[in-house]
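Accompanying notes for the structure given below.
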Amino acid sequence: MTTQHASATPDLPLDMIIFGGTGDLSFRKLLPALYMAHLHCNLPTDTRILTIGRKPWSREEYINEFMELKAKPFIEKKAFDAAAWDKFMALFEYVRMDVDSIEDYTRLSEASRPGVRRVFYLATSPDLFTNICDNLSAAGLVDEHSRVVLEKPLGHDLASAQEINTAVGKHFSEAQIYRIDHYLGKETVQNLMVLRFGNPIFGPLWQAPYIKRVQITVAETVGVGSRAGFYDKTGALRDMVQNHLLQLLCIVAMEPPVSLDPDAVRDEKLKVLRSLRPMTPEDIARDTVRGQYTAGAVDGEAVKGYLEEENVPAGSRAETFVALRAHINNWRWANVPFFLRTGKRMQKKVSEIVIEFSELPFSIIPSGGRNYGNRLVIQLQPEESIQLQMLAKEPGSGMHMLPVNLNLDLQQAFTERRAEAYERLLIDVIRGRLTHFMRRDELEAAWAWAEPILAGWSKSGERPRGYTAGTFGPAASTALMARENAVWAEESQ
Ligand code: BG6
């Protein structure tokens with residue numbers, strides 16, 4: 001699939017139209033990100049922000065009840081500037097609408113200006129995407145300058161994702177559609193491309209047999225919080241693995257793209273997704289682990305189990321943890337397992353990629369009976385760092401080697417402000433840069449691989465394995481690694 005580029009005119013006046021304008025994502029991420037973009041003069045000079053909600057608020061009520069009380073606290077204190085905030089507030093309009101009612105779109109038509117670039121940000125449940133796009137189009141609000149941003153998860157399986165993509169595609173060309181995965185907006189994730197394709201030393205080594213295993217972990221300490229309504233229908237595989245973790249896997253595994261153009265990068269990621277070995281029922285039983293947290297303690301605080309959380313249905317089988325072993329069937333990666341793991345209420349918050357290089361075939365230097373290999377650890381969160389584990393001589397008489405880290409602290413190396421993922425991606429949407437957004441075929445290939453796992457789990461009739469909150473997941477996840485004499489990086493420290 002190739003994407004014809006939509007007009008990249010940078011300086012049309014902008015109407016940023018946010019569906020779900022009174023929701024969680026808006027106050028936690030989108031509106032603070034737009035404020036930061038405004039503060040750093042990254043919004044077009046003539047911008048307006050139209051937020052859409054069902055609440056019968058006036059513009060002033062929206063600003064007082066929502067922007068001041070809910071969104072403002074999510075802006076970093078040191079970035080807050082009262083004068084800039086006042087100017088930012090002047091950009092806002094609140095439009096009360098029922099998004100399913102075609103009549104209500106006349107209100108939006110009246111509020112949005114003619115001849116501007118309209119960016120429609122759909123921060124709603126994906127069930128509403130089709131109706132919203134049909135209604136926008138029927139109301140004459142979509143033209144060649146418009147763009148639409150679709151939040152994840154896009155659908156709940158392959159068929160629903162295809163249905164939404166087809167429905168949205170009736171009104172927007174592929175070059176106007178920005179499928180967001182905020183992991184692709186993270187500085188460190190973008191840096192991974194530079195690490196791989198900017199450093200010649202890694203070129204020849206970045207493949208089998210020099211790499212023997214890859215681990216990708218996104219561990220969170222938070223629980224499901226107030227999102228049970230959404231989360232219980234979704235689970236960790238749909239919420240995290242199908243998108244964020246697979247995107248990280250793609251960047252680790254893809255071939256060098258011919259350029260950084262959107263399609264060049266996305267073509268290579270697509271090839272990786274299509275090379276993922278489909279999981280058979282036997283693979284699913286052997287190579288996947290799903291878990292659900294039970295009561296425990298995180299950071300010294302007692303916390304509830306998932307089933308005791310507010311709005312979680314009794315006996316829910318939603319998984320809050322997934323670990324699995326994936327394989328990529330191509331020349332570069334044949335027989336190199338990719339271990340993916342994510343979970344809520346884990347022992348610590350950490351997102352990292354660990355590249356385990358193969359050990360020496362034979363060592364002349366003693367290392368206490370252990371056969372160490374080199375490891376490259378790319379930490380994305382909470383600290384941004386890259387460590388290369390090397391073997392060095394243990395000081396003293398005799399010749400013994402032990403692992404030590406070459407440590408690159410990116411926060412110290414570059415002191416510039418790091419924009420949050422949403423800020424960076426919103427600016428990309430405004431400037432028409434699609435590289436860090438998912439194309440339709442990519443998203444569908446990710447679903448095609450993930451769906452049999454979901455089906456296999458539901459067919460098995462088994463409950464997710466319990467794990468105590470504040471640990472690194474069920475024992476079966478440790479065992480998944482132990483089967484090949486390996487350990488998850490954080491469990492070996
Ligand atoms: C979201 C998921 O996409 O990513 C959340 O829906 C998860 O469940 C979040 O907490 C994690 O993002 P980050 O940027 O905090 O790692």
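Looking at this structure, is LEU380 of a type outside the set (Ser, Thr, Tyr), at pLDDT below 95 and part of a strand (DSSP E or B)? It is true that LEU380 is of a type outside the set (Ser, Thr, Tyr), at pLDDT below 95 and part of a strand (DSSP E or B).
Looking only at segment 161-173, decide whether some residue is over 30 Å from ALA236 (Cα atoms) and either in contact with an Asp or Glu (Cβ under 7 Å, 6 or more places away or on another chain) or among the small types (Gly, Ala, Ser) (or both). Yes - at least one qualifying residue is present in segment 161-173.
The residues in segment 1-19 that are at pLDDT 95 or above and surrounded by fewer than 21 Cβ atoms within 10 Å (Cβ to Cβ) can be counted, and the count is 1.
If you scan segment 224-245, which residues turn out to be near the ligand (Cβ under 10 Å from one of its atoms), closer than 24 Å to GLU310 by Cα and of a type outside the set (A, V, I, L, M, F, W, C)? Can you show your working first?
To start, the set of residues in segment 224-245 that are near the ligand (Cβ under 10 Å from one of its atoms) comprises 224-225, 227, 230-231, 234, 236, 238-240, 243-244.
Going one step further and asking which of them are closer than 24 Å to GLU310 by Cα, we end up with 224-225, 227, 230-231, 234, 236, 238-240.
Passing the criteria: GLY225, ARG227, TYR231, THR234, ARG238, ASP239.
So for segment 268-286 (the condition being under 18 Å from ALA323 (Cβ atoms), part of a loop (DSSP other than H, G, I, E, B) and not hydroxyl-bearing (Ser, Thr, Tyr)), does at least one residue qualify? Checking segment 268-286: at least one residue is under 18 Å from ALA323 (Cβ atoms), part of a loop (DSSP other than H, G, I, E, B) and not hydroxyl-bearing (Ser, Thr, Tyr).
Looking only at residues that are within 11 Å of the ligand (Cβ to nearest atom) and surrounded by fewer than 22 Cβ atoms within 10 Å (Cβ to Cβ) in segment 212-223, which one is nearest to GLU319 (Cα to Cα)?
Start the filter on segment 212-223 by keeping residues that are within 11 Å of the ligand (Cβ to nearest atom), which leaves 218-223.
With the extra rule that they be surrounded by fewer than 22 Cβ atoms within 10 Å (Cβ to Cβ), the set shrinks to 220-223.
Values: GLU220: 14, THR221: 15, VAL222: 14, GLY223: 12 Å.
The extreme case among them is GLY223.
Each residue in segment 96-154 was checked for being small (Gly, Ala, Ser) and either within 20 Å of ALA175 (Cα to Cα) or modelled with pLDDT under 95 (or both), and 7 pass. Against the list (1) surrounded by 12 or more Cβ atoms within 10 Å (Cβ to Cβ); (2) of a type outside the set (Gly, Ala, Ser); (3) out of contact with any Pro (no Cβ under 7 Å at 6 or more places or on another chain), the condition GLU103 fails is (1). Note on segment 299-346: residues that are part of a strand (DSSP E or B), away from the ligand (no atom under 16 Å from the Cβ) and aliphatic (A, V, I, L, M) total 5. Quick check on segment 448-476: of everything there that is within 21 Å of the chain's Cα centre (by Cα) and aliphatic (A, V, I, L, M), which residue is surrounded by the most Cβ atoms within 10 Å (Cβ to Cβ)? So, considering only residues that are within 21 Å of the chain's Cα centre (by Cα) and aliphatic (A, V, I, L, M), the one surrounded by the most Cβ atoms within 10 Å (Cβ to Cβ) is ILE453. You will find that of ASP232, ASP239, the residue that is assigned to a helix (DSSP H, G or I) and over 21 Å from PHE338 (Cα atoms) is ASP232 and no other.
Scanning segment 242-267 for residues that are in a helix (DSSP H, G or I), aliphatic (A, V, I, L, M) and either modelled with pLDDT under 95 or in contact with a helix residue (DSSP H, G or I) (Cβ under 6 Å, 6 or more places away or on another chain) (or both) gives LEU246, ILE251, ALA253.
Just need a number here: residues in segment 49-69 that are under 19 Å from GLU423 (Cα atoms) and surrounded by fewer than 16 Cβ atoms within 10 Å (Cβ to Cβ). Before the answer, list the steps.
Let us first name the residues in segment 49-69 that are under 19 Å from GLU423 (Cα atoms), namely 49-51, 67.
Next cut, surrounded by fewer than 16 Cβ atoms within 10 Å (Cβ to Cβ) only: none.
Here the count works out to 0.
Would you please name the residue that is farthest from the ligand (Cβ to nearest atom), looking only at residues in segment 142-158 that are of a type in the set (A, V, I, L, M, F, W, C) and touching a residue at least 60 places away in the same chain (Cβ under 8 Å)? Within segment 142-158, the match that is farthest from the ligand (Cβ to nearest atom) is LEU158.
Has segment 402-412 got any residue that is more than 16 Å from the ligand (Cβ to nearest atom) and out of contact with any strand residue (DSSP E or B) (no Cβ under 7 Å at 6 or more places or on another chain)? Step through it out loud before you land on a result.
Here is the first cut: in segment 402-412, the ones more than 16 Å from the ligand (Cβ to nearest atom) are 402-412.
Narrowing the set further to residues that are out of contact with any strand residue (DSSP E or B) (no Cβ under 7 Å at 6 or more places or on another chain) leaves 411-412.
Looking through segment 402-412, at least one residue is more than 16 Å from the ligand (Cβ to nearest atom) and out of contact with any strand residue (DSSP E or B) (no Cβ under 7 Å at 6 or more places or on another chain).
Restricting attention to segment 429-447, the residues that are under 18 Å from the mean Cα position of the chain (by Cα) and in a helix (DSSP H, G or I) add up to 9.
So is ALA419 in a helix (DSSP H, G or I) and small (Gly, Ala, Ser) or not? Quick ask: steps written out before the conclusion?
Numbers: in a helix (DSSP H, G or I): no; small (Gly, Ala, Ser): yes.
Here the answer is no, as ALA419 does not meet what is asked.
Of all the criteria given as (1) of a type in the set (A, V, I, L, M, F, W, C); (2) in contact with a His (Cβ under 6 Å, 6 or more places away or on another chain); (3) more than 22 Å from PHE339 (Cα to Cα); (4) within 16 Å of the ligand (Cβ to nearest atom), the one not satisfied by ALA175 is (4).
The values are calculated or read from the model by the stated rules, or taken from the named source; none is laboratory data. Keep in mind that what you see is a predicted model, and the values were worked out from it rather than measured. A quick note on method: Cβ atoms are made from the backbone with ideal geometry, for glycine too, and the neighbour counts reach across all protein chains shown.
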